[in-house]
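Note sheet for the following structure.
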Amino acid sequence: MTQQYEPAKSGEERPIIIEARNVSFTYEGEDESTALPAVNGVDLYVREGEYVCLLGRNGSGKSTLAKLFNLIFAPDSGEILINGRTVVEDKMTDDELFEIRRTVGMVFQNPDNQLVATVVEEDVAFGPENLGVPSAEIRERVDEALALVGMSEYAKTAPHMLSGGQKQRIAIAGVLAMMPRCIIFDESTAMLDPGGRADVMRILHRLNRERGITVLNITHHMDEAVSADRIYVMNEGRVMTCGTPEEVFCDVAALREAALEAPAGTELLYELNGMGGDFPLPSLDFAECAEIIANKYKEKN
Ligand SMILES: Nc1ncnc2c1ncn2[C@@H]1O[C@H](COP(=O)(O)OP(=O)(O)OP(=O)(O)O)[C@@H](O)[C@H]1O
Ligand SMILES: [Mg+2]
């Protein structure tokens with residue numbers, strides 16, 4: 001691939017790549033007077049090179065927001081900005097819209113819905129072919145995208161022969177071959193076993209750290225959010241809280257209000273505090289939590 005995005009240097013403030021400003025969106029229902037907004041006055045931004053996680057219970061509006069960033073839907077009110085520009089579809093030229101659509105790629109939950117061809121390499125080539133990329137460059141992009149997800153040896157394999165985790169890696173390669181600067185992963189590990197999930201998570205982090213690709217990871221798995229630069233929590237269409245993993249997971253009570261849990265170790269310390277303990281919160285690493293408890297135990301004996 002010819003283009004590569006510089007990983008962020010520490011202390012450097014990167015430009016905002018995707019942003020929602022006071023965005024609301026309601027699905028058209030049979031009775032619009034009673035329809036509640038799926039996304040309700042949301043403010044959210046992701047800087048170039050950031051790794052941001054979006055958490056929230058079922059139905060809190062996460063996928064709807066992702067589709068607003070991917071221009072599948074347009075907001076009823078508020079603004080979506082991509083690369084610092086407000087997206088107004090009927091006031092933009094086709095070229096401008098094309099460029100904006102190329103900025104954000106999406107990987108969904110079910111890889112079976114994303115794979116279109118009968119051979120892996122044709123599948124990965126599908127996106128760049130649609131973008132009109134010259135065939136020599138497509139070859140280069142496909143090879144590199146497959147290498148990035150560790151699937152080069154499966155180039156000639158039929159996707160239906162692959163495991164769920166391998167299929168998801170092919171779906172990621174297909175998005176990578178279009179060279180978006182930002183990728184939104186919408187519960188992309190939800191259907192995978194722990195091994196497949198770990199593989200996909202490693203790839204996400206590598207793409208972010210080594211390639212500088214901006215990541216918005218929508219997930220139910222708290223452990224995936226622990227290593228994020230920042231976290232947003234949505235509840236009933238609104239952003240309930242945002243901050244660093246330490247800030248967000250410290251407030252276990254607020255998380256519970258949103259039907260979410262902190263990472264397992266943090267939850268345990270919180271419960272122990274409810275029984276009269278005075279453990280510091282948050283410690284996000286399970287082993288570190290165990291160490292905190294063990295040290296307290298040793299102090300007492
Ligand atoms: N196509 C649709 N038509 C009507 N209502 C919808 C549609 N898609 C989603 N909704 C509603 O919009 C709200 C937000 O849904 P959304 O899919 O954005 O939530 P989510 O946070 O992604 O949930 P999940 O964790 O289950 O994926 C929910 O109340 C949902 O029922
Ligand atoms: Mg969803």
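The values are calculated or read from the model by the stated rules, or taken from the named source; none is laboratory data. Keep in mind the model is a prediction, meaning the values are calculated, not measured. Areas reflect the complete protein model, heavy atoms only, side chains present, ligands, DNA and RNA absent. Shrake-Rupley method; radii C 1.70, N 1.55, O 1.52, S 1.80 Å.
Points to keep in mind about this one:
- Gaussian network model of the chain, Cα within-10 Å springs - most flexible of ILE184, ILE80, ILE16: ILE16
- Proportion of all alpha-carbon pairs of segment 143-217 beyond 22 Å (%): 15 percent
- Integer Hz, Karplus 6.51/-1.76/1.60 couplings in order for segment 236-251, x for Gly and Pro: 6, x, 10, 7, 8, 7, 8, x, 6, x, 4, 5, 6, 7, 5, 8
- Under the Debye formula (equal points on every Cα, no solvent term), log10 I(q)/I(0) of segment 73-218 at q = 0.10, 0.13 Å⁻¹: -0.35, -0.59
- P(r) tail fraction, the chain - alpha-carbon pairs more than 34 Å apart, %: 27 percent
- Computed across segment 191-254, the Kirkwood radius stands at 13.0 Å (inverse of mean 1/r, all Cα pairs).
- Two numbers describe the Cα atoms of segment 166-280: Rg and Dmax, which are 16.1, 54 Å.
- Segment 24-80, accessible area per residue, ligands and nucleic acids excluded (1.4 Å, Å²): 45 Å²
- Highest GNM mean-square fluctuation among GLU28, GLU247, GLU288, for the chain modelled with Cα contacts below 10 Å: GLU28.
- Among ASP278, ASP76, ASP123: highest mean-square fluctuation, GNM of the chain, C-alpha pairs under 10 Å: ASP278
- For GLY212, no residue 5 or more places off, or on another chain, has a built amide H under 5 Å of its own.
- Cα centroid of segment 220-243 to Cα centroid of segment 138-172, whole Å: 30 Å
- Percent accessible area from carbon and sulfur atoms, the chain, protein chains only, probe 1.4 Å: 49 percent
- Each helix, a run of at least 4 DSSP H residues, gives -39500 (n - 2.57); summed and divided by the residues of the chain, these come to -11500 deg cm²/dmol at 222 nm.
- For the pair segment 107-122 and segment 67-81, the centres of their Cα atoms are 25 angstrom apart.
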